[in-house]
Every structure is written in structure tokens, then in C-alpha cells.
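The next block holds one structure in the form of C-alpha cells; read it before the comments.
No value in this document is a laboratory result; all are computed from the given coordinates. Because the structure is a prediction, the values reported are computed rather than measured. So basically every Cβ, Gly included, is an ideal-geometry build from the backbone, and we count neighbours across all protein chains shown.
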Amino acid sequence: MENEMGNEYFEPVIEGEDEEKENPELHEDNVLIPEDGDPEETLSDKKSESESKVENPDERITALEQELAASRADFYNYRQRVTREKQEARRRTEEDVITALLPVLDNLDRALMVPEDGSARDVLVGVRMVQRQFLSALEELGVSVIPTEGQRFDANFHEAVGTVPADTPEQDGAVVNEQLRGYRTKEGRVLRAARVIVGKAE
């Protein structure tokens, strides 16, 4: 640029002036102002959006209480179902036992139908038949007789109610007489120990 004398001179440049011209959105503190409004309003909107994403504590507590109530209801229903299943299983077992014993009762009734003037032998035959059928019914239920006479005394299965002198060395500590029959399950669990007399060497 030339002055009136024809000499060239340079116009002073104010720092920041060109930047303001190029970025009209900058105010005097060089803070960028969005075109769509006040920066404080924009910050407030973002804060509101952030808060809206945070779950309400009261709503969370209500949801947890509902979940707990549902879990309690499920557990209660489960216990009720298990109790019913146990009762049903017990009922079926009882019915099976009764059904297995009914034929035994039928034969016992037949044995008692022997005429009063009949022989004792007829009664004995009838009773023995009932006994055999009864033991057969127990075996079907998984119950067996505990062996006694001639067996070594075993406290797990035998209950000694007395002793007698042993006639032979083999009888020492062995069962020589059965006083009451014992029974055990097929798993080996004793339902009733056999009451026995045990031989003892003098």
C-alpha cells in the first residue's frame, strides 16, 4: 500500500483479528460458541440425558423386591411339589405291600374254614401254606429271612438271648437255635435281628 508520498508501508496486523474473521464463532475469550445456541443450555441438556440413563434407586428396589417375592413363591411351590411326590410314593408303597399280603390273608381264611371235627393235620397243612406264601410275598418286596442255625453268631444280624454248652468245637460261637426269625432287605439293612441261642464252650 502506498502513502501520499508514493512510498510503500505495511498496515499493522492485530493478533487474533484474522482468526476472528476466519472463525466468527469465537468470541473475545476465544471460546467456541455453537451455532445452535447458548453453551450453558447445551451442557444442561447433556447433563439431563446423562441423568436419565442412571436408574432410579426406588425403581431398582421395587424390581428387586418383586424378584425376591417371585423366588420365594417358586421355592414354596417346589417344596409343596416335593411333599406331594413323597406322599404319593409312600401311598404307592403301602398299596403294593397290602396287595402282596392279600393272597396270604385269603389262604389264612381258607385254613380257618377247616371243619371243627377235622384233623390237626389239615390245619397244619393250611398254616404251612400260608407261611410259604407270606415269605414269598416278602421276597417280592425285597425282604429275606436272616440265616441262623449253623451260622456263626453275627451281632449285625443276630441278637443272643441265651447260651447253651457247645457239644462240639464247631458249635462254640455258633447259632444252635432260633427263637425268633429275623428279616433284612436286599440292600442288607436289618429290619429285625434274629433272636438266637448261641453255643458256648465250657
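Could you check the range 170-202 and list, in sequence order, the residues that are at positive phi and under 33 Å from the mean Cα position of the chain (by Cα)?
Matches in the range 170-202: GLY188 only.
Hey, can you tell me all the residues within the range 71-130 that are in contact with a Phe, Trp or Tyr (Cβ under 8 Å, 6 or more places away or on another chain) and over 17 Å from VAL143 (Cβ atoms)?
None - no residue of the range 71-130 is in contact with a Phe, Trp or Tyr (Cβ under 8 Å, 6 or more places away or on another chain) and over 17 Å from VAL143 (Cβ atoms), so the list stays empty.
Scan PHE75, PHE134 and give me the residue that is surrounded by 12 or more Cβ atoms within 10 Å (Cβ to Cβ) and aromatic (Phe, Trp, Tyr).
PHE134
Can you tell me which condition ARG152 does not meet? The list is (1) within 46 Å of the chain's Cα centre (by Cα); (2) among the charged types (D, E, K, R); (3) closer than 30 Å to VAL97 by Cβ, and all the others hold.
The number of the failed condition is (3).
Among what's in the range 192-202 and is free of Cβ contacts under 8 Å to residues at least 40 places away in the same chain and part of a strand (DSSP E or B), pick the residue that is nearest to LEU141 (Cα to Cα).
Among those that are free of Cβ contacts under 8 Å to residues at least 40 places away in the same chain and part of a strand (DSSP E or B), it is ARG192.
For MET113, state whether it is surrounded by 12 or more Cβ atoms within 10 Å (Cβ to Cβ), over 38 Å from the mean Cα position of the chain (by Cα), more than 30 Å from GLY199 (Cβ to Cβ) and without any contact (Cβ under 8 Å) to a residue 24 or more places away in the chain.
Taking the combined requirement at face value, the residue does not satisfy it.
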